[in-house]
Amino acid sequence: MLEVKNVNVYYGAIHALKDLSLKINEGEIVTLIGGNGAGKSTTLKTISGLLTPKSGEVKFNGKMTNNLRATDLVKLGISHVPEGRRIFTKMSVMENLEMGAYIRDDKKEMDKDYQKVFSLFPILEKRKGQIAGTLSGGEQQMLAIGRGLMSRPKLLLLDEPSMGLAPIIVKEIFKIISDINESGTTVLLVEQNANLALKLSHRAYIIRNGEIEIEGKSEEILEDDRVRKAYLEG
Ligand code: ATP
């Protein structure tokens with residue numbers, strides 16, 4: 001479904017992604033794990049068209065997307081839920097969801113998707129008239145994911161959905177990510193919480209200094225000594 005091949009991304013003189021390659025097959029949950037500044041968010045931004053690589057290829061369902069704008073990528077079926085949630089804090093929950101559907105005009109189908117989001121996150125239906133900035137951290141993360149789903153993505157990019165949340169809420173959100181995947185959406189999950197992310201995902205990539213260091217099946221990576229030392233213990 002998605003193929004990133006030898007991609008190089010720079011911020012001015014900073015070489016943030018170095019010949020980075022990864023693949024995502026339809027139906028998978030793939031996780032990208034790494035420490036602070038490793039290049040995780042940069043990878044997602046490159047896939048969703050917020051950054052343009054200097055060289056290399058990004059292909060989505062066989063189509064080169066390197067030079068497409070983020071809006072075009074949403075239309076093709078890629079939705080990016082950014083780090084730090086970035087919901088519209090002064091708008092209501094419902095208005096935030098409507099913003100997620102801005103590329104659409106199929107009212108009937110959109111209504112179905114609002115219902116789908118509310119069945120995944122019943123709390124959002126209860127709070128639909130509430131100003132989003134007054135939601136709890138966990139509810140804001142749910143809203144960010146719900147908004148991301150409103151473009152009806154084929155591939156959902158999630159940037160650190162567990163950040164700053166209590167363990168019990170993180171568990172709830174991870175369960176919902178698994179439900180979203182089971183209902184047919186492919187997921188690329190960026191996480192610092194390596195343990196949980198590896199338990200949830202099918203395959204994983206470990207990124208360090210802008211390079212993929214290790215890749216493989218998540219269950220095998222969980223047992224990898226290098227990964228255990230660097231990301232799972234202490
Ligand atoms: P974190 O979890 O801390 O967000 P990350 O793995 O997502 O880490 P990136 O945000 O992708 O890391 O950053 C990769 C590298 O690019 C880092 O060295 C970072 O300092 C640099 N970088 C990121 N954004 C910018 C920017 N807007 N301008 C300049 N350098 C940047």
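The values are calculated or read from the model by the stated rules, or taken from the named source; none is laboratory data. Here the structure is a predicted model, which means the values were calculated and not measured. In this analysis, Cβ positions are derived from the backbone assuming ideal geometry, glycine residues included, and neighbour counts consider all displayed protein chains. To get the accessible areas, we keep the full protein, side chains included, count just its heavy atoms, and leave off ligands, DNA and RNA. Shrake-Rupley method; radii C 1.70, N 1.55, O 1.52, S 1.80 Å.
Taking only Cα atoms and a 10 Å spring cutoff, compute GNM fluctuations for the chain and point out the largest among 142, 99, 150.
99
Which whole-number percent gives the relative contact order of the stretch 1-51, counting Cα pairs below 8 Å spaced six or more residues apart? Don't skip to the answer; put the middle values down first.
On the way: 56 pairs, mean separation 16.5, N = 51.
Over the stretch 1-51, the number comes to 32 percent.
Which whole-Hz ³J(HN,Hα) couplings does the stretch 11-17 yield from phi under the Karplus relation 6.51 cos²θ - 1.76 cosθ + 1.60, θ = phi - 60°, glycine and proline marked x?
Calculated HN-Hα couplings, in order: 10, x, 8, 7, 8, 7, 10 Hz.
Output wanted: per-residue J couplings in Hz (rounded whole) for the stretch 60-67, from phi through Karplus 6.51 cos²θ - 1.76 cosθ + 1.60, θ = phi - 60°, x for Gly and Pro.
Per residue, the Karplus-derived 3J(HN,Hα) values read 10, 6, x, 9, 5, 10, 2, 9 Hz.
Once the cut-off is 17 Å, how many percent of the Cα-Cα pairs in the stretch 173-228 end up in the long-distance tail?
37
Using only the alpha carbon atoms of the stretch 82-133, find the Kirkwood hydrodynamic radius as the inverse mean reciprocal pair distance, in angstroms to one decimal.
Values: mean 1/r = 0.0867 Å⁻¹.
The Cα-based Kirkwood calculation yields 11.5 Å.
Averaged per residue, what accessible surface does the chain expose to a 1.4 Å probe, in Å²?
It amounts to 49 Å² per residue over the chain.
For residue 213, which sequence-distant residues (separation of 5 or more, or a different chain) have an amide H within less than 5 Å of its own amide H, given hydrogens modelled in the peptide plane?
206, 207, 208
Straight-line reach from residue 175: which lysines fall under 25 Å, measuring Cα to Cα and dropping same-chain residues less than 8 apart?
Within the straight-line cut-off, residue 175 pairs with 23, 40, 45, 112, 116, 126, 128, 154, 199, 217.
Would you please state the base-10 log of I(q)/I(0) at q = 0.11, 0.14 1/Å for the chain, with intensities from the Debye formula using one equal scatterer on every alpha carbon?
Cα-only, vacuum Debye calculation for the chain: -0.54, -0.88.
For a quick protection proxy, order the peptides 51-58, 193-200 by their average other-Cβ count within 10 Å, most packed first.
Details: 51-58: 16.1, 193-200: 20.0.
Per-residue mean Cβ counts within 10 Å order the peptides as 193-200, 51-58.
Compute the relative contact order of the chain as a whole-number percentage, counting only Cα pairs closer than 8 Å that sit 6 or more residues apart in sequence.
Working: 441 pairs, mean separation 63.2, N = 234.
Taking the mean separation of contacting Cα pairs over the length of the chain, I get 27 percent.
Could you tell me whether the stretch 32-90 comes out rounded, prolate or oblate from its Cα gyration tensor? Rule is a ≥ b ≥ c as square roots of the eigenvalues, rounded for a/c under 1.5, then prolate if a/b exceeds b/c, otherwise oblate.
Numbers: a/c = 2.18, a/b = 1.20, b/c = 1.82.
Taking the square roots of the gyration eigenvalues as a ≥ b ≥ c, the stretch 32-90 is oblate.
Hey, what do the phi angles of the stretch 44-52 turn into as Karplus ³J(HN,Hα) couplings, whole Hz, using 6.51/-1.76/1.60 and θ = phi - 60°, x for Gly and Pro?
Per residue, the Karplus-derived 3J(HN,Hα) values read 4, 5, 5, 5, 8, x, 7, 10, 10 Hz.
Given N residues in the stretch 64-194, what is Rg(Cα) / (2.2 N^0.38 Å)?
Taking N as the residue count of the stretch 64-194, the ratio is 0.99.
For the stretch 119-234, what's the relative contact order in percent, using C-alpha pairs closer than 8 Å and at least 6 residues apart? All intermediate terms of the calculation are to be shown ahead of the outcome.
Details: 99 pairs, mean separation 21.0, N = 116.
Relative contact order comes out at 18 percent.
Please state the shape class of the stretch 16-55: rounded when a/c is under 1.5, otherwise prolate if a/b exceeds b/c and oblate if not, all from the C-alpha gyration tensor.
oblate
On the accessible surface of the chain, probed at 1.4 Å, how many percent belong to carbon and sulfur atoms?
That fraction is 49 percent.
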